[in-house]
Every structure is written in structure tokens, then in C-alpha cells.
Amino acid sequence: MMEVQFEKAVPVWISEAKNRWNQFMGFTVSLEVEKKTAIKIKLAARSYYRLYMNGKMIAHGPARTAAGYVRVDEIHTVLDQKTVIAVEVAAYNKPDRYSNTIPLEPGLLICEIQDENGIIAATGWEKPSVSWSVRELFYRMEMVELMSHSREIMEVYDLTPDWMGWMTGDGKPGKGFGRACSPSQLPEGKVPHYLKRRAPYPDYDKIKANAVISVGDLIPKQ
């Protein structure tokens, strides 16, 4: 299989995370352009990511793959004149090191942003006016139950009204914002192989409903 290559970006994580089992990182980069600009965002992550632009989620991934590989997503979108791009990355792990859905490998993010003239931002590639920052987030709880004996740790959050402040630059760091860190390149020999995504992308259209009539049942809005 032909690998998808990144021009400038390299995979990064942080070297000393406080949480061991449920590592949760928030990566941000701020971009300014003269006018609305069409861009392509190419990224891959382990185990899962959510991509936001000015606080609005625009992508979630990646598609599943085998140990030693990651799927690369390509998102085509438009930059506003001032845009904060943020990526939440959850790296799953647990003591018995077994899951029947993912390989439980160490976390990483690799991301490259390109306009019609070339690369404008990339993890591990610092420009004087554009650099990535990362913080370890603590509003996703670390010590919670497993989904099952053969699955990962469940997602449980302790959110406050300002929980999105780190991804938009609004307000002072509050509970759950975590500690600021420096992105570190992955050690030699730990860089994954890259595969194209083959699964279709969701469109994130909202499904409106009038009422919840029981657990798992909604009345669709006509």
C-alpha cells in the first residue's frame, strides 16, 4: 500500500503526561489571513481526535487500523480571517493492555494545514509567526470503569462552563484546562506508517427532535 506522506509535519505528543491510562491532550494553533481562505487539513492521531475551528467541531476520527499504522484524514474547509484550530486527542490505555477494537498504542498527533500556496502550519515545524501549543486536559476523567473486559476505558467528563476556553483563547485557564506543555517529536522508531482513510466522513447535520419519550427513543421533528 502507498503511504500518505506529510511534507512538513511530524508526529508529536508530550514526554511526561500526568495521567497514565486516559491521556487527553489539547493542541492549538492560531492563524490569521487577509480574507476567507480555502484550506486542506491533513491529520492523523491515536487513539481518537476531535477537530475544532473557533470552538465548532468540524471533524472526528480517525478510522480504525492495525498496530503500527494510522489513518490520515483530509478535511477541506475555509479559514476565517482569525481562526483558532484546536484538536482534542484521547490516547487510550489500560493496565492489561488488551482491547478488541484498537491496539492501545501511545498517543500522537500529526497535522498539516495547507492553502493554495503551500503549507501554512504543521506540527513539529515551527514558523516565527505560527506555532502549536499543547496542554494536558483533565476534564476527561482518568480513573473510570471499562466499557467491558475487552474494551477501553469509558468516556466520563467533568465539565465546567469555561471548558472550551483553551480552544478559543477566551478567558483564563479554569478547572480542567490542565497544564501547558511543549509538544515533543516521537522517538526514533516510533513513527507510524500512514494509510489513507477509506470510510466515509460524517456531515454533522443536526437531527432535531421534539421530545424524548423513553431512553433511546425520540420523536422526530417534522
Spin-label pair Gln5/Lys208, simplified geometry with 7 Å Cα→Cβ offset, distance in nm: 4.9
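Note down the net charge around Glu155, summing +1 for each Lys or Arg and -1 for each Asp or Glu among other residues with Cβ under 14 Å from its Cβ. Display every interim value, and only then the final one.
Working: positive: Arg50, Lys94, Arg140, Arg151; negative: Glu88, Glu142, Glu145, Glu152, Asp158.
Its environment carries a net charge of -1.
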Stretch in the chain that is longest and holds no trypsin sites (Lys or Arg not before Pro) that DSSP places in a loop and that have at most 14 other beta carbons within 10 Å: 98-174
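Under the 0.36 nm per residue contour assumption, what length would be gained going from the current alpha-carbon distance of Ala38 and Ala63 to full extension? Before the final figure, lay out the partial values.
Values: separation 25, 0.36 × 25 = 9.00 nm, distance 2.43 nm.
Full-extension gain reported as 6.6 nm.
How many Å² of accessible area per residue for the chain, probe 1.4 Å?
Numbers: 12880 Å² over 222 residues.
For the chain, the solvent-accessible area averages 58 Å² per residue.
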5 angstrom amide H check on Ser184, placed H, neighbours 5+ away: Trp13, Ile14, Ser15
Spatial separation of Cα centroids for the range 149-170 and the range 39-114, in angstrom: 15
Of all accessible heavy-atom area on the chain, the percent that carbon and sulfur account for (1.4 Å): 52
Over the chain: helical MRE at 222 nm, DSSP H runs n ≥ 4 each giving -39500 (n - 2.57), nearest 500: -500 deg cm²/dmol
Along the chain, longest interval not containing exposed chymotrypsin sites (Phe, Trp or Tyr not before Pro), exposed being DSSP loop plus at most 15 other Cβ atoms within 10 Å: 99-203
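Taking a ≥ b ≥ c as the square roots of the eigenvalues of the Cα gyration tensor of the chain, is the shape rounded (a/c under 1.5), prolate (a/b larger than b/c) or oblate? Provide the component values of the computation, followed by the final result.
Values: a/c = 1.32, a/b = 1.11, b/c = 1.19.
Here the chain falls in the rounded category.
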Listed residues Asp203, Asp162, Asp73, most fluctuating in the chain (Gaussian network, C-alpha, under 10 Å): Asp203
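The values are calculated or read from the model by the stated rules, or taken from the named source; none is laboratory data. None of the values given here were measured: they were computed from a predicted structure. All Cβ positions, glycine included, derive from the backbone under ideal geometry; neighbour counts span all protein chains shown. The accessibility values were calculated without ligands, DNA or RNA, using every heavy atom of the protein model including side chains. Shrake-Rupley method; radii C 1.70, N 1.55, O 1.52, S 1.80 Å.
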